[in-house]
Every structure is written in structure tokens, then in C-alpha cells.
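Just below is one structure, and these are the notes that go with it.
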Amino acid sequence: MLEGKVAIITGAAAARGIGFATAQVLSGYGAKVVLADLAEPDVPAGETPQLEQRAHELRNGGADAIACAVDVTRDDEIAACVTQANETHGGVDILFNNAGVTVGFGPFLETPIEAWDLQFRIHIAGIVAFCKAVIPSMQVRGGGSIINTSSIWALKAHEYASIYTTTKLGLIGVTKTIAVEHGRDNIRCNAVMPGPIRTDMQDRRVVRDAETFGISQEEARARIGAPLAMKRVGEPHEIGEVVAFLASPMASFITGAAIPVDGGNMEGL
Ligand code: NAD
């Protein structure tokens with residue numbers, strides 16, 4: 001389905017993350033993958049993304065995979081990554097903007113402006129910069145597909161999640177704007193809106209919810225899947241399969257869409 005296509009995937013270094021699972025799915029469909037994530041010394045304490053290790057695992061499985069150390073808040077590192085992809089593979093066909101953070105959860109009045117700034121830089125400005133860096137290469141190749149990771153929380157405000165909700169909703173605006181301006185270049189731009197997915201980020205949410213709402217971690221975990229029609233949380237590869245579809249010719253007439261992948265959030269059904 002993606003034979004010979006070149007895909008950059010940001011936030012791809014967490015072993016249990018959506019980014020790495022998507023890299024596995026895309027390479028399984030034949031794509032050459034470029035894993036982009038923080039260089040290991042930059043990873044915050046308590047988190048364990050290992051970029052080179054992930055690329056090595058994919059290559060061991062027969063994939064064509066390289067690693068790019070990129071902090072998406074750094075334009076120079078984004079440019080170097082796209083240059084590396086262009087030089088190694090001759091261009092870029094697919095960009096999955098997936099890097100994300102959850103700093104700054106808490107009551108609105110207590111949210112530090114630094115946390116607003118950081119999430120804006122990662123969830124909006126970093127994605128804008130990556131799109132600006134790859135679109136010229138896609139134009140030369142006659143098209144491409146950009147997929148951005150928003151969140152189902154973009155659709156509805158949640159208590160204590162003001163920064164995340166705002167930036168993930170703003171990202172849909174970026175998605176639609178690129179779709180409108182670059183459809184004529186055969187460049188499609190869509191967003192996925194994951195519901196709760198079993199990753200390190202979700203484990204951090206369980207700890208946070210337990211502290212915020214004064215409940216046990218077991219109760220916090222049970223509350224997450226309960227409102228979903230499917231009564232379970234999702235697995236990272238279930239986002240990866242939708243990304244592969246959006247990247248593929250099967251989605252050749254889909255652009256500007258934000259697709260929920262959330263097990264049927266009953267508040268919205
Ligand atoms: P994760 O924490 O496992 O992975 C996030 C990755 O982003 C990490 O590898 C991290 O190193 C990387 N990253 C963070 N800051 C970066 C930066 N400045 N530059 C480059 N990389 C950076 O999280 P995940 O659950 O796999 O989440 C992936 C995406 O999905 C995020 O955008 C998240 O907001 C979104 N999402 C997750 C869920 C969920 O339930 N897990 C739900 C909705 C949306």
C-alpha cells in the first residue's frame with residue numbers, strides 16, 4: 001500500500017507510543033520510515049524514549065528505518081531532519097506530526113504561561129515548521145500526505161486540560177488551512193483525533209487523575225474506558241492503521257478532515 005513511500009514520523013521514540021507503533025505499521029505496508037524525536041539526553045526525567053534503539057528494532061525486523069534527533073521546537077533541527085530524509089531517500093511523501101506533551105494540566109487559573117508556551121510550540125508551531133519544511137519536497141514529488149495527531153479532547157473541553165484542549169483544537173485549524181492551500185498541489189492534510197490509547201502518556205494521565213480527583217489509580221484507569229461504546233481503551237497500532245489509510249491512495253479524496261479514532265465516545269454519539 002505504501003511501497004517506496006518515504007514517511008517522517010515525529011514523537012516516534014517511545015517504545016509503547018503511538019509514533020513508534022505507526023512507524024511499525026507504515027513500514028509493514030512498505031514505507032521507508034524516518035523516526036524523529038528528542039535526542040536521548042533531552043528526554044525529560046522519568047520518560048524513556050530511545051530513538052536509535054527504536055530505529056534499530058525496525059531495521060532488525062527488515063524495515064528501512066533511520067533516526068533523526070529532532071526537538072520540534074527547533075527549526076534548525078527540523079530543517080536538518082528533512083534534509084537528511086531528502087538526501088537519504090530523495091524526498092518525503094508522508095509526514096505524521098505526532099510529537100506531543102501533557103505538561104500544565106490543572107485548574108485554568110493555575111496554568112503557568114510557560115506551559116502554554118511549551119505546548120503551543122510543540123503542538124502548533126513545531127507542526128507548522130515541519131509542514132513548511134516538507135511541503136516544497138512534496139510539491140516536487142507531485143503530492144503528499146500530512147497527518148497531524150490532534151485528540152478527541154479537541155472536541156470538548158475537559159476540566160483541568162485547558163492548554164491541551166486549546167492547542168489540539170488549534171491544530172485542526174492548521175490542518176484545514178494546509179488542506180485548503182495545498183490541495184491544488186495534490187498534498188492532502190488530515191488529523192486523527194485519538195481517544196484514550198494505552199501508552200506512557202496515558203499512564204501519566206492515570207497518575208495525574210488519581211491525584212487531581214483524590215481517587216485510586218485503579219479507579220482512575222477504569223474511568224477512562226467507561227464512557228466509550230467499546231468499553232476499552234485503544235492500542236497504539238489502531239491509530240497507526242488509520243494513519244496508514246490516510247497516507248495511502250485509498251484516501252486520495254480525503255483532505256481537511258479530523259477523524260475520531262476513539263472507540264465511540266458516547267458523549268458525542
Ligand atoms: P508518548 O508520551 O508515549 O509519546 C510522545 C512522544 O513525543 C515521545 O516519544 C516524546 O519524546 C516526543 N516528544 C515530546 N516532545 C517532543 C519534542 N519537543 N520534539 C520531538 N519529540 C517530542 O505519547 P503518545 O500517547 O504516544 O502520544 C502521541 C500523540 O498522541 C501526542 O501528540 C498525544 O497528545 C496524542 N494523543 C494521545 C492520546 C493517548 O491516550 N495516549 C490520546 C489523544 C492524543
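Computed values, structure above
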read-out: Folded to 0 to 90 degrees: helix 75-89 orientation relative to the chain principal axis, Cα; value: 50
read-out: Protection proxy ranking of 224-230, 62-68 - average other beta-carbon atoms within 10 Å, highest first; value: 62-68, 224-230
read-out: Mean projected area in nm² (Cα convex hull; one quarter of hull surface) for region 175-269; value: 7.3
read-out: Helix-only [θ]222 nm of the chain, DSSP H runs n ≥ 4, -39500 (n - 2.57) each, per residue, nearest 500; value: -13500 deg cm²/dmol
read-out: Proximal lysines to Lys156, defined as alpha-carbon separation beneath 16 angstrom and excluding residues fewer than eight positions away on the same chain; value: Lys168
read-out: Protection proxy ranking of 128-141, 17-30 - average other beta-carbon atoms within 10 Å, highest first; value: 17-30, 128-141
read-out: Reachable lysines, given that their alpha-carbon falls under 16 Å from the alpha-carbon of Lys132 and they are not under 8 places away in the same chain; value: Lys176
read-out: Inter-site label distance for Gln217 and Asp75 at 7 Å from Cα along Cβ, in nm; value: 4.2
read-out: Loop sites in region 87-164: GluC sites (Glu not before Pro), DSSP, at most 12 other Cβ within 10 Å; value: Glu159
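Read the figures in this text as sums done on the coordinates, not as results from a lab. Keep in mind it's a predicted model, so treat the numbers as computed, not measured. Here Cβ is always computed from backbone atoms with ideal geometry, including for glycine, and neighbour counts include all displayed protein chains.
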